[in-house]
Every structure is written in C-alpha cells, then in structure tokens.
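These notes concern the structure reproduced below.
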Amino acid sequence: MHSLISASPISSLFEPYASHTALPSSPAPFSLRFCGLRREVLQLSQPKYRVVSGSLKKTGNYVTAASSGSNGSPLKSFDYDLVIIGAGVGGHGAALHAVEKGLKTAIIEGDVIGGTCVNRGCVPSKALLAVSGRMRELQDEHHMKALGIQVSGAGYNRQAVADHASNLASKIRNNLTNSLTALGVDILTGFGSILGPQKVKYGKDNVITAKDIIIATGSVPFVPKGIEVDGKTVVTSDHALKLEFVPEWIAIVGSGYIGLEFSDVYTALGSEVTFIEALDQLMPGFDPEIGKLAQRVLINPRKIDYHTGVFASKITPAKNGKPVIIELIDAKTKEQKETLEIDAALIATGRAPFTKGLGLENINVETQRGFVPVDERMRVIDAKGNLVPHLYCIGDANGKLMLAHAASAQGISVVEQVSGKDHVLNHLSVPAACFTHPEISMVGLTEPQAKEKAKKEKFKISVAKTSFKANTKALAENEGEGLAKLIYRPDTGEILGVHILGLHAADLIHEASNAMALGMRIQDLKFAVHAHPTLSEVLDELFKSAQVNVEERKPVAV
Amino acid sequence: MVSLSKQSMMAQLLNSSFTPTTRGLRRQSIPSITQTTSRKSQIQAKIREIFMPALSSTMTEGKIVSWVKSEGDKLAKGESVVVVESDKADMDVETFYDGYLAAIMVEEGGVAAVGSAIALLAETEDEIAQALSKAKEQSSSSSSPAPPPPPPAETTIPDPVPVATVVKAAPVTVVASTHPASDGGKRIVASPYAKKLAKELNVDLSGVVGTGPMGRIVAKDVEAAAVSSVAAAAESAKPISAAPGVELGSVVPFTTMQGAVSRNMVESLGVPTFRVGYTITTDALDALYKKIKPKGVTMTALLAKATALALAKHPVVNSSCRDGKSFTYNSSINIAVAVAIDGGLITPVLQNADKVDIYSLSRNWKELVEKARAKQLQPQEYSTGTFTLSNLGMFGVDRFDAILPPGTGAIMAVGASQPTVVATKDGRIGMKSQMQVNVTADHRVIYGADLAQFLQTLAKIIEDPKDLTF
C-alpha cells in the first residue's frame, strides 16, 4: 500500500510552485522526494524546534504525569482519554493501539473511514497495478514464450478493472470500520476542529473533551497554479483511480511515485505517456543508480517519452473539440519552451496538507505551508515555538514523511507517549515502495546522502550490490532484471540505506528496515538463514557480500 | 588510475584501461577491455579497441544493452560508454582514456564474446575516419569478432538484391501533418511511441501524415511510412544496384549460366503446360515454424517437406515425360528450389525430401545455399530435381506462375502468406493467413484432376502440419 499518495508530494511543495523561498537553503532539498527521511530537512523546515528544545524534557515529564492521571488528581474528568481527528491509516493505527493501551478512544471523520490511502490512494492503485502487472506479463510474448506458455491476445474490460479497484477500496474500508467498532472505538461523524485546549468540536455543534488529541487529517492532491483540473481530461490521482477512461495519450506531470505508478498502469492498458518533470532528471528522489536502472527498465522500453527541466505553466482541459493543451516553460529561465496537445493530463505533483478549518488559531498554532509544526515526538508547536500540551499531529498533516505507514507508526508512537512511555520514531528506518513492475523499494539514505553524512561526520561508507540475475527464484520466474544495493559503514557494520529494484522489492525491503529499526549490524545479519530458493536471498547475498572490518562476533545461536 | 602518457607503456598497462563502474559486485574480476589494435606502428596505436569485458568469472559473452555514447562522441576519462549485460548483471562500462568513440562494431542488442572488440576508440578526431575504415575491414573479414549476422530467416531464396530494410521516408510521402496545432507544419505532433518508433526505424517525422486524433502522428503512421519507404527504396534499389558494371545502351553477352537459362526457357515452349492454383491457410504452419525455428528449421525446408509428402501420395505429379511417348515415374522425390544468385538462377536440390527429417533437410538446405552463393554446387546438386519450388513470397508477391523446367513434370510457384479476412464455415468472419500456390505442369503426363488432388493433399498437410516433424 502506501506508496501512491505518499511520497512525492512534498517535493512538489519544495518546487517553485509553492513558496519555494520559504524554505531555508538546504543543501539539496530537491534530492529528496519524501520529506522527513532526512533529518536535516526536518529541522530546517521546523526551525522553532531548536528554540524550544531546552524545555522539551520538562514538557515530556508533564505529559507522562498527565497520562497517568488515574493515580493523580486530574483537574476534571474528560469525555475521552484520546480523540483522533481523521480516520485514515494514521488515525486508525493510533486508535487500535490506544485501545490496546486501555484508553477510551474516539475518532472523528468528516468524510469516509480509511482516508486517502484506502479510498483514493495506495489501496485502489494497488488494484489497478495488479491488473497492469498481469496485462504486462500476458502481453509480453517473449517472456511467455521463454516460460513455454502460449497466450492469445490478452485484453481487458475497463469498467471491470475500475470496479475491482472500487470494490477493493470499499472492502478495506469496511474492514477498517469493523475493526474500530469491534474494539469499542467511538466513530464520531462530521468535520472536527479544535475549540481550545483539550476541547474538540465535531459536526455542527457537538463538543467533547479529551485528555489528549491527535490531528490526523492527512492531505489532498496538490495542484500547482495555472493548472485547471476538470476531473475528466485534466485529473488528479483522486479521479484517475476511478479509471473512467483510458486515454490514448496522457501527460503525467511529476515523475515521483504517483506518476511512476500511473505510468505503469496506463502503459499496460495501452496508453502512451509523456512525463513532465521539473527537475533535470526523472525520478529524482531515488538513489541515482536505482533511478538509472528504473529509467532503463520502466521508461525506455515502454511507450513513454519525457520532458525534464520544465514546468507545466498552464494546462487547459479538453473542450470544444480541442485537446488538452499544456504549456511548458523552462524550469530555470521561465522561458516558454513548448506546447503539448494531448488527450489527458494527470497532475501528480505531490500532495498538500489538509489542515484548513481545524481551528488551529484557537490554540495559537500557525501552519507552515499548510503543515502543522511538530517536534520529533509529534507534539504540536505553537506560533511562539512552545509545545501545545496534549495536542499531537501525525501523518501527512505534519509533513514529516508522507507515507501511510509512517502516519500509523507516528500514531503508535504518540499513544505510547500518552500512555506513559517515552517513544521517538526513527524515520530513517521507515521503508518506502513504488509498486511498478518490477517494484522499487528503499529505506534509509541514498548513496549521495550517505556520502554527505559520511563527510560531515568523518566516517567511511561502503556499497555492496547484488543482482536479481544471480537469484535462482528470480530466474525461475524469468524476472532477472533488478538490483539490490546496500550502503553501510564498514567500520561498524551499521546499515545506512538499502535500495532494491526488482521482483517483489516492496516485500523484500522489510528485512533491511527491521534490521535498521532494531539496530542490527551486518556482521550479525550475515548469519541469519534464508530459505532457498527465495527472493529473500537477494538480501542475504547483499549482507554476505558486505565487508565489515570489526571483529566478528559469534552468532548468538545457530 | 595511472595516466598513460607514453605509448610505449601501453602494452603493459592495457588491462586497466576500461573498467565497469560497479566494482562492488561480487565475484567480479576486473576486466580488460581495451587494447591497442596494432603494436606495429606508433600512429596506429592511438586507435584502441574496446573489448567486451569479463564482468563475472562465469561470463563468456555479453550483450550490449545500450551504447551510452554515439559514434563520434568525445569521451572523457571516467565517462560511461556502454551498458553491458552479463549473465548476472547490467553494468556501465566507463573509459579511462580521453578520446573519441570512432566506431561501434557491435550494435545494441548484439552479443559478443568476452575479449572480442565491440568498438574502436580514436585518440583524436582526425583518427576517426581511420578507425572507421578499420572497423569495416574487421567486420568484413572472416575473423571478425562481431557476432555472425543472423541466419537468413524465412527467405527461401537468399536475396541477392540489397534491399535496404530501413530507409528515410521517400520524398514522395512528404506531406505536412494536418494537426491543427502544428503551426502550419512547423511543429510536429507525434505520440511518444510514434517518436520512439521513428527513431528506431529511422523515419523522418516531418514527412509522415498523422492519422491519429487531431491529426497527430501515431505509431501506425510511422510504421506505414517505414514500409512505404522500404518499398520505394526497393524499387529504386534495382536500377541503383544494377548500375555498377552496367553501361546503359550497351549489349552484354550472356554468361554461361544465362545462356543455359535461355536455352531451357525456349525449350520449355515445346511442352504443353497448364496451370492450377490453390489457396492454402498457413496459420498452423506459421505456428509450427515459430516453434521449431530456434532449432534451425527454415521455411524453405518446411515447404519442401510438405510438398514431398504430398508428392509421395501422388507419384504422377512427380513423374515426367522424357520422349513424348511414356511416363517416367521417378524413384525418388527430389525437390529443386529456385535460388536467385548473382547474375542468374540456380536450383539446388533437396534429395529424398520425403524421407529426410526436417532438421537434416534444413541443414542440407543451408549447405546448398552457401555452396550456391559460392558457386560451388556440383551438377548432381542442382540438376537432379524431380519437382521444382519457386518462392517469391518474401518480396510480397501474392501470386505468379512459373515456367516448367524441361525434364520435369511440374513446378510450383509460392506466393506470400498474408493475413486475409475470410468467411469461416460457421458463417463468421475471421482473419487467417493465406498463401496462394500455382502449379505449372506438363499435361502430357499430369492432368488437371491429378494436380487438383495433389494440391488438396498439400493443403491438408500444410494446414495440419504435424506430420512435417514426425
């Protein structure tokens, strides 16, 4: 899940579409497609955090004391221990964990349970990608022939594909709703807003109090100015996921995760695709080596062309018998470059936080480019740089790392804190994935980021690589195309980043991300056993090929 | 990296001149992929060969995934030049020399053995031409390290006419795109795939008429342009290819072979011939061909085999009339296949085509064609045919008729197999690949009903070709 709506959003906001100047001069803000993965970016975008850092510990103690209210004497009794505004994946994850911790929990939702991910993002897009993967395979005569399979003319029914996506979304939505009600979480319907400390309004005029409040209102597709979205020929991911039509030729503005996944879907269904990317290269968020391979595997052999280093300054939907008209200007000089006339355009320039009407002014919180400022424990920071007690913000609304599973992890981290246990989420161990065919996944730093860090902190890094061509299972599937890459410290065995492009890469990344989250070292991981023959041996080989120069400890138990 | 400023050092230090960028890959040995082409002279030594590197210990050959640089591009030390696919991985190979990529000897998609030259690197721009001629020399010599050209695929007659497969759009087709947004033809609106195809097929988009939505150029327009230009080129290729050595307005006497052809053709007029045609569906044959093509089976061999099997059931069609008084029933079925060769025509013979298995038959055919090209066929290899096949299908000819070679009873003219809309027996309309064959026979021995039955049998065999491979 998670990929579709998650990542590239932020990048676009860094791009001059939005208030680019508001961003402090980070060394390479564009090199990052999903914000928050790099700590320096976080800090730069929330400079106030440092100002209040001195008082952090005190507040932390206060929170702890308040949450163990049962043995103290709380000022007053609350309707709920925890109220979550927004029932997306972040709010859902937080609610489930809160119940487990024995908190009386309510969740407020003004739209549909499940939020973006389930209804307009990762989930329906995976349904479309499941179709595109199969179509691609069935159409690849060469591939089929190599396996000895004969297939005559694969085709699809657009409406049936669209139904599969919407059925999946409603199924997951029901599952989510049922899991909440079964656990006794109150679902309060209506838009939620904050009236004051520990006080929330929802719907027309229902007011409730809560000891702690989590904002989890998520994000909406970001549409740069000059682009007119009509929902038919010029669309965002919200519309495109309904698959109301498959254009012969579609322009995709933005080559991040969302754009890339849609290019996979559209080309498999027979469309031709033109990418429009503001930066000088496609897929700028990926590790450069992975990006290069992705270009070779996912772009070049397909019916895709691209314009890089250009902005779509104006996009007019098709009307009066005229096609969609896209005006391109040079990203640097702003000179008019070219006009494209295309059947449809998908705007995949990222996502903007959905934080309007939250009543943040009532508690003196100012958003930054729409994002709610938070510290590393997701505690909301007010306009003066002080922490707002009992108020947290998770997920896309805080912009730290715009991935559904990151929101959920942040929610769990907050619940840990309000139930008396300090917890800080290590965002560097949160994996990300792009569900193209083959898939791309990553965790931690890219090679350039790791090099930069190594230079700053004066240590050495090494890189190990393995190819899917050397993996038995991948070859059995006739899917040998792919690369796995490990960036690590040879002096300590610490994993800095892992990047995979290849069959089921999105499922393979977790061995690395879990190892990073738990602080495991390569010299120990080397002794872990992988079933043969499996794709997991790609990572096995990766770890084994790393050269760590510490005295190898003996395996714990073999 | 050691800088190799002195030519004399080069011989010793060649091995490290090119390395793949990804040194971290396991089991990888550092490859040596450049070497001076000649150590005889100092000047020539500046042209270096780029070799297929050994990217892993098990690698014996590598495939060129893509050339990052094109011929004539300037290369700076450390730049990626080519992407090579080994048995394990794709890797960028970079240069450790400055210079110019003078000549690419193995194109993208081509395979080369480890250590064989895949390109030439010139040190200065002036040496590019020199390198190019060297590349030509190498690829034309038999010891060329480049992979051999793919064997002639479906051609039953090795084509002596140099028909260019890809030619720029013929000027005749130059019509400005009618796309409203094309600013009166100034701007070309073409879909991404159309552009990609145009590049691949070397079609100039400015000469292509768009038939897509709003008059945009789509893939099929480019394909159509490529086909029409090939056809145009084929037409124009003839006079051009005939031009060298032919002085217009002059009279050139027949060669021995042409003299023989002439005599035979006149002699054939003394034979009362007639013709019977038949349309045969080839979908099953095409499918079979696809399946066994990797085993070296050629379409010619398949057709010869099918014909021989049909002849076995109709011996009269394999007979001939030598004296005007009797049938001569031939003891073996020998299929002669007409092959156009430089300056004439010859009919190598597949002996006992009904008995020899299809794989051996294909091998025999390849040998015969090679000999025919080299003009080394022995008389028994071209004069013992009992039935002749002539195929012009590869030129797109859909039907023609042939002149009966004297001394045989029949010859079959085979046209191209083409997708055809047909009405099927259950009243539906379907698409089938069909070819037309036309048999010319000596009516003194072979009558209309004989030919009709023979053709019916042949059609059955071709439409259900399982017996061809037995």
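All but one of (1) away from chain B (no Cβ under 14 Å); (2) open to solvent by 60 Å² or more (accessible area, probe 1.4 Å); (3) among the hydroxyl-bearing types (Ser, Thr, Tyr) hold for A:Thr472; which doesn't?
Evaluating A:Thr472 over (1) away from chain B (no Cβ under 14 Å); (2) open to solvent by 60 Å² or more (accessible area, probe 1.4 Å); (3) among the hydroxyl-bearing types (Ser, Thr, Tyr) leaves (1) as the failure.
Going through A:Glu447, A:Glu452, A:Glu416 one at a time, which residue ends up being under 24 Å from the mean Cα position of the chain (by Cα), of a type in the set (D, E, K, R), surrounded by fewer than 21 Cβ atoms within 10 Å (Cβ to Cβ) and within 14 Å of chain B (Cβ to nearest Cβ)?
Only one candidate qualifies: A:Glu447.
Which ones in the stretch B:421-470 are closer than 30 Å to B:Thr273 by Cα, assigned to a strand (DSSP E or B) and not hydrophobic (A, V, I, L, M, F, W, C)?
B:Ser433, B:Gln434, B:Gln436, B:Asn438, B:Thr440, B:Asp442
Test A:Asp212 against the criterion of being buried (at least 23 other Cβ atoms within 10 Å of the Cβ) and among the acidic types (Asp, Glu), and give yes or no.
The answer is yes for A:Asp212.
Restricting attention to the stretch B:207-227, report how many residues are within 24 Å of A:Ala344 (Cα to Cα), more than 14 Å from chain A (Cβ to nearest Cβ) and either open to solvent by 20 Å² or more (accessible area, probe 1.4 Å) or under 24 Å from the mean Cα position of the chain (by Cα) (or both).
Qualifying residue count for the region: 1.
Farther than 30 Å from A:Ser271 by Cα and of a type in the set (Asp, Glu): which single residue out of A:Asp230, A:Asp186, A:Asp238 fits that description?
A:Asp186
For the stretch A:240-260, state whether one or more residues are out of contact with any Ser or Thr (no Cβ under 9 Å at 6 or more places or on another chain), more than 11 Å from chain B (Cβ to nearest Cβ), β-branched (Val, Ile, Thr) and open to solvent by 10 Å² or more (accessible area, probe 1.4 Å).
No, the stretch A:240-260 has no match at all.
If I ask for residues that are within 25 Å of the chain's Cα centre (by Cα) and either among the acidic types (Asp, Glu) or more than 21 Å from B:Glu200 (Cα to Cα) (or both), which ones from the stretch B:86-118 would you list?
Across the stretch B:86-118, the qualifying residues are B:Glu107, B:Glu108, B:Ala112, B:Ala113, B:Ser116, B:Ala117.
Among the numbered conditions (1) in a helix (DSSP H, G or I); (2) buried (at least 24 other Cβ atoms within 10 Å of the Cβ), tell me where A:Met442 comes up short.
(1)
I'm trying to understand the selection: among the residues of the stretch A:475-492, which are farther than 25 Å from A:Ile149 by Cβ, open to solvent by 10 Å² or more (accessible area, probe 1.4 Å) and either of a type in the set (Phe, Trp, Tyr) or facing chain B (nearest Cβ under 10 Å) (or both)?
Selection gives A:Leu483 alone.
Give, as residue ranges, the helices (runs of 4 or more DSSP H) completely inside the stretch A:470-558 that count at least 1 residues that are among the β-branched types (Val, Ile, Thr) and under 23 Å from A:Lys455 (Cα atoms).
The qualifying helices (runs of 4 or more DSSP H) are A:522-525.
If you take the residues of the stretch A:154-199 that are over 20 Å from A:Ala98 (Cβ atoms) and among the polar types (S, T, N, Q), which of them is least open to solvent (accessible area, probe 1.4 Å)?
Ranking the candidates gives A:Ser193 first.
Looking for whichever is under 30 Å from B:Thr211 (Cβ atoms) and without any contact (Cβ under 8 Å) to a residue 40 or more places away in the chain here; the options are A:Glu272, A:Glu248, A:Glu228. Which one fits?
A:Glu272
Applying the selection to the stretch A:317-334, what residues are open to solvent by 30 Å² or more (accessible area, probe 1.4 Å), more than 11 Å from chain B (Cβ to nearest Cβ) and either under 12 Å from A:Ala251 (Cβ atoms) or not in a strand (DSSP E or B) (or both)?
A:Asn320, A:Glu327, A:Lys332, A:Thr333, A:Lys334
Given the conditions (1) in a loop (DSSP other than H, G, I, E, B); (2) at pLDDT 50 or above; (3) within 14 Å of chain A (Cβ to nearest Cβ), report the number of the one that B:Thr178 does not fulfil.
It is condition (2) that B:Thr178 fails.
Does B:Ala112 count as away from chain A (no Cβ under 14 Å), farther than 30 Å from A:Lys473 by Cβ and open to solvent by less than 40 Å² (accessible area, probe 1.4 Å)?
Considered against the rule, which asks whether it is away from chain A (no Cβ under 14 Å), farther than 30 Å from A:Lys473 by Cβ and open to solvent by less than 40 Å² (accessible area, probe 1.4 Å), B:Ala112 comes out as no.
Being without any contact (Cβ under 8 Å) to a residue 24 or more places away in the chain and either farther than 24 Å from B:Ser66 by Cβ or over 24 Å from the mean Cα position of the chain (by Cα) (or both): is that true of A:Gly256 here?
no
Could you tell me which residue of the stretch A:270-285 is nearest to A:Ile500 (Cα to Cα), considering only residues that are hydrophobic (A, V, I, L, M, F, W, C) and within 14 Å of chain B (Cβ to nearest Cβ)?
Here the answer is A:Leu282.
Checking the condition farther than 28 Å from A:Cys117 by Cβ, within 14 Å of another protein chain (Cβ to nearest Cβ), assigned to a helix (DSSP H, G or I) and in contact (Cβ under 8 Å) with a residue 24 or more places away in the chain, which residue from A:Glu289, A:Glu338 passes?
The unique qualifying residue is A:Glu289.
Give the residue, chosen from A:Leu188, A:Leu195, A:Leu243, that is among the aliphatic types (A, V, I, L, M) and not in a strand (DSSP E or B).
Only one candidate qualifies: A:Leu243.
Kindly indicate the residue of the stretch A:292-312 that is part of a strand (DSSP E or B) and in contact with a helix residue (DSSP H, G or I) (Cβ under 9 Å, 6 or more places away or on another chain) and also farthest from the other protein chains (Cβ to nearest Cβ) among those meeting that condition.
Of everything passing the filter in the stretch A:292-312, A:Tyr306 is farthest from the other protein chains (Cβ to nearest Cβ).
Of everything in the stretch A:455-469 that's within 24 Å of A:Leu298 (Cα to Cα) and in a helix (DSSP H, G or I), which residue is farthest from the other protein chains (Cβ to nearest Cβ)?
Going through the qualifying residues, I end up with A:Phe468.
Being on the phi < 0 side of the Ramachandran plot and part of a helix (DSSP H, G or I) is the filter here; which residues of the stretch A:94-115 pass it?
Selection gives A:Ala94, A:Ala95, A:Leu96, A:His97, A:Ala98, A:Val99, A:Glu100.
The values are calculated or read from the model by the stated rules, or taken from the named source; none is laboratory data. This structure is a prediction, so every number in the text was calculated from the model and none was measured. As a convention, Cβ positions derive from the backbone with ideal geometry for all residues, glycine included, and neighbour counts pool all protein chains shown. Each accessible area value is taken on the protein alone, full model and side chains, heavy atoms only, with ligands, DNA and RNA left out. Shrake-Rupley method; radii C 1.70, N 1.55, O 1.52, S 1.80 Å.
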